[in-house]
Structure formats: C-alpha cells, structure tokens
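Computed from the coordinates by the stated procedures, all read-outs in this text should not be read as laboratory data. All figures in this text were calculated on a predicted structure; none of them were measured in a lab. Cβ atoms come from the backbone with ideal geometry, glycine included; neighbour counts cover every protein chain shown.
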Amino acid sequence: MTDRYHSLTVVFDQDIRDDDVEPILIAIKMIKGVLSVKPKVADMDSYMAEERVRNDLGKKLWDVLYPKNSI
C-alpha cells in the first residue's frame, strides 16, 4: 500500500515581497487537487529562528576550525 499526502510545505530560500509572491500563489492554486494556498508572512518568530540556527552553525564551524583540544 502506498502513502497518501494531504499537504505540502514550501519554504523559500529568502523572503519574497507581496507583489512577487502573488504569481506563485496563483500557479499553485492552478494545480489539480489544490484546495487552498495560505501564505505566511515573515515575522519576528521566523527571524529569531533563523538567527538561532545561524548562531548554532557558526559555533559548530568555529569548533571545527579551532578545536579546544588543539596541541
């Protein structure tokens, strides 16, 4: 038996302006079987999550480049 999906989530590589995202929303709505498309506005929560990830990756990179146990 194969899996069935009820939704997909799309994440852009960068924030997109209102007027630039409208054609994308229209195109997705045209796909057969799509009932609704709901955009999510970038807010402080998304900014904070991005900064936390960036900070965490920066620390890990720093630890690789400058290990604490170096001779």
TODO: Bin width 10 Å, alpha-carbon pairs only: give the P(r) of the chain as whole percents, running from 0 to the bin holding the largest distance.
DONE: 13, 30, 23, 19, 11, 4, 0
Task: Neighbour net charge for residue 49 - beta-carbon separation under 12 angstrom, K R +1, D E -1 - done: -3
- [ ] At a Cα cut-off below 30 Å, give the lysines reachable from residue 32, other chains included and same-chain residues fewer than 8 away excluded.
- [x] 40
TODO: Set the Förster radius R0 to 22 Å, insert the Cβ-Cβ distance between residue 3 and residue 30 as r into 1/(1 + (r/R0)^6), and round the FRET efficiency to 0.05.
DONE: 0.35
Open item on the list: Just to check I understand the Karplus step: with θ = phi - 60° and J = 6.51 cos²θ - 1.76 cosθ + 1.60, what whole-Hz values come out for the range 53-68, glycine and proline as x?
Closed with: 5, 4, 5, 4, 5, x, 4, 5, 5, 4, 5, 6, 6, 10, x, 6
